[in-house]
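Read the figures in this text as sums done on the coordinates, not as results from a lab. Small disclaimer: the values here were computed from a predicted structure and weren't measured. Note that we place each Cβ from the backbone using ideal geometry, even for glycine, and neighbour counts take in every protein chain shown.
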Amino acid sequence: MSYIEEQLNKCRIQNSNEPEFIQAVTEVIEAINIVVKNDEKYEKFNIIERLVEPDRQIKFRVSWVDDNGNIQVNRGYRVQFNNVLGPYKGGLRFHPSVNMSIIKFLGFEQIFKNALTGLPIGGGKGGADFDPKGKSDREIMSFCQSFMTELYKYIGPNIDVPAGDIGVGDREIGYLFGQYKRIKNAYEGTITGKNILFGGSLIRKEATGYGLLYLTEEMLRQNNHEIMGKVVSISGAGNVAIYAAEKAIQMGAKVVTLSDSTGWIYDENGIDINMIKDIKEIKRERLSIYKKYRPNSKYNEGKFLWGIPCDIALPCATQNELDLKSAENLINNGVVAIAEGANMPTTLDATKLLLSKGILFAPAKAANAGGVAVSALEMSQNSIRMSWTSEEVDRKLKDIMINIFNQISNSANRYGLHKNYIAGANIAGFEKVADAMISQGII
Ligand code: NDP
């Protein structure tokens, strides 16, 4: 049995109750097999076994009081995965599905994504099995304050810098930052995604969605396609999906779908993004009410939006939302490119099929790195106590995304894996992290 096979088996056995984590590790390890076989130092320094074991996993109780005076208890998590390239960095997810497997898969992915940005940030992730949906502002505040009262012990601007993710937006970040500052009596940039009034960066809210489109545009351009005039299907209706849709429309594409966890909308004439922002960001309503304002659009219950014909598909909701059947439909309907806005939205079998059919495929760790990249720019601005303009941040974001695409394309080419951007992203991220681990000794 080869070193790689042995380590993958061991990881599967040791983490047998963590399917999402095993899925993420399998994808990375299969892709870097070629690199590890090619250079004996990775086996000599036992890099794989060290890489799949987080530096530490923190799990804690979060007690809070709801509006009826009842005491509620949730589970909080922070996985500090790897800090060879910089302080741990990665978002917090508040969703009932959150468990250790999901946080570990996200933290593991984050290591390589952060490496690809070229900025000094390590990988981590956290969250809680708390559902913000339907909660009052006071309940959200109560939960966030309790969560931070435990988390603050483990984080800091040079240690670990959390941010938002599913269920954690502007409002939650504000409450988390307020409580951190109160307990530590320190005004420091320990959380990113902050409001612009107190240390946030311009373009942070837009960064993941905009960055996704900058990278997609570059991938299309280098493969003799363009985004102008293309039909784009997007899933999700949160932070990533909304700003991906906005940038796609600005680039001259037509966005025809969006979804939430109860259903999806199809607007053949092109979705009105300002109306979506009003529904989701201001009214905090469900997506289904879009039809009330656009009677010609369609609302469908359920998840299966990938049956709609499109040129470009951008899954931006959650993990494993694009399965084999979805991939078959997209291929039959002539899809040209897929770029992952969400983390691991495509199942392993769907990914393999799409690659075998020559569909251009930009994996999450490259395609959605714009959010963490601008978070790192927010850390820089906080450190020097300055704020850059929207134009400056947007320009830096675009440069970073184009640079990421070139890195993943070149890394794939170096190993003769032309246009396999999944392999390219894993190889480019792995080489940086593994080489830094070797340089820093056995720790
Ligand atoms: P939001 O909470 O803003 O939005 C998530 C969207 O996805 C909502 O429309 C939500 O619907 C839907 N959704 C969530 N869970 C499910 C589910 N189980 N089934 C179907 N739909 C679901 O999150 P973000 O937009 O921030 O994050 C979306 C994805 O992008 C995640 O995978 C996240 O990890 C990834 N990501 C986010 C970054 C960021 O900067 N925010 C950076 C990089 C990656 P509903 O409202 O009904 O729950």
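Each label was represented as a point 7 Å from its Cα along the Cα-to-Cβ direction; for Val65 and Glu392 these points are 4.5 nm apart. For the chain, DSSP calls about 55 percent of its internal beta bridges antiparallel.
Rg over Rh for segment 117-248 works out to 1.04, using Cα positions for both radii and the Kirkwood form for Rh.
For Lys184, the lysines whose Cα comes closer than 19 Å to its Cα, not counting residues fewer than 8 places off in the same chain, are Lys153, Lys194.
Residues whose amide H comes within less than 5 Å of that of Gly90, counting only those at least five positions distant or on another chain, are Gly124, Val161, Ala163 (H built at 1.01 Å from N in the peptide plane). Annotation: the residues Met275, Met148, Met251, sorted from fewest to most other C-beta atoms within 10 Å of their own C-beta, follow the order Met275, Met251, Met148. Simple spin-label estimate for Phe45 and Ala186 gives 3.0 nm between the two label positions (7 Å along the Cα-to-Cβ direction from each Cα). For the peptides 73-83, 414-424, the ranking by mean Cβ contacts within 10 Å, running from highest to lowest, is 73-83, 414-424. Helices that extend 15 Å or more along their long axis by alpha-carbon positions and average at least 0.5 on the Kyte-Doolittle scale are, among the DSSP H runs of the chain, 19-38, 100-117, 370-384, 421-439. Each Lys and Arg Cβ is given +1 and each Asp and Glu Cβ -1; about its Cα centre, segment 100-149 then shows a dipole of about 100 debye.
Applying the Kirkwood pairwise sum to the alpha-carbon positions of segment 137-212 produces a hydrodynamic radius of 12.8 angstrom. Each part reduced to its alpha carbon centroid, segment 306-346 and segment 76-125 end up 24 Å apart.
Ordering 194-205, 104-115 by mean Cβ neighbour count within 10 Å, with the highest value first, yields 104-115, 194-205. For segment 261-292 and segment 369-443, what is the separation of their Cα centres, given in Å? Computed from Cα coordinates, the inter-centre distance equals 33 Å. Bridging of Lys303 to aspartates and glutamates at a Cα separation below 15 Å is possible for Asp260, Glu321, Asp323, once same-chain residues fewer than 8 apart are set aside.
In the chain the Cα-Cα distances spread across 20 Å bins starting at 0 as 27, 60, 13, 0 percent of all pairs.
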